[in-house]
Amino acid sequence: MFQYIRTILFLLVFLTISKFDVYGQTYNEYEIYSTIINDKEINWTNKNTILVIRNVKLNDDSREFLEELDSDPNMVLPFSYFDDESQKKYLTDQNYQDALLGLLKTSTQKIKIKPFVDSTFNLKPINKRKFNSFFKRDIDKGWGQIDKKYQSNWVVEFSKVSFSGNYAAVYYGYHCGGLCGSGQLLVLEKKESAKWVVISKINLWMS
């Protein structure tokens, strides 16, 4: 009897742990990161190696925007970043709003890239400090060094994901050259097909 109970407890613990990686990130988060990386609308040029910044953190532009959105009672300036449909959802759907503003409460952690699902892309981790070190002197030379070392001209980064109801929000930035890159807040919705779909893109910076 004791052996039976111990086996059941072991299975319960294993199933619980298997839902998370060692950094506490859920597979729902990995599914969202994969959805963004695997977006076929994004032009990865002829290279399929993507560097993923290991440090997961909400960037300063996102935090400033969300704090303004949270505190502005008239919501005039922040809403200039929204399309009409996203603005309507923010005003009428509490889960949409909670997912977006919930990013202000997300923590800093590290990301593991192993669970990303699409084998089309060769994903390699890079530390944020290492990435920044390439650009101490010359931006163009820095990208040349990255290309030579990693055979890649794409670097992506994410924040931790904020969930509420069927919505999820995440900061996503990509870097692809001195005058190539963008930082966005994305809101995704889990559809009846059980797949996450990007429904809102809030552009915060572009180069």
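Values quoted throughout were computed directly from the atomic coordinates according to the rules given, and no laboratory measurement underlies them. Small disclaimer: the values here were computed from a predicted structure and weren't measured. Every residue, glycine among them, receives a Cβ derived from its backbone with ideal geometry; neighbour counts consider all protein chains shown.
For LYS110, a cut-off of 18 angstrom between C-alpha atoms picks up these aspartates and glutamates, skipping any fewer than 8 places away in its own chain: ASP21, GLU29, GLU31, ASP60, GLU157.
The alpha carbon gyration tensor of the range 26-206 gives principal lengths a ≥ b ≥ c with a/c of 1.5 or higher and a/b greater than b/c, which makes the shape prolate. Projecting label points 7 angstrom from Cα along Cα→Cβ for GLU85 and LEU104 puts them 2.7 nm apart.
Label-to-label distance for ILE199 and ASN55 is 3.4 nm, based on points extended 7 Å past Cα in the beta-carbon direction.
With neighbour counts taken as other beta-carbon atoms within 10 Å, the residues TRP205, TRP154 rank, fewest first, as TRP205, TRP154. Pairs from the list LYS112/LYS141; LYS160/LYS195; LYS130/LYS201; LYS57/LYS105 with a Cα-Cα gap above 22 Å: LYS112/LYS141; LYS130/LYS201.
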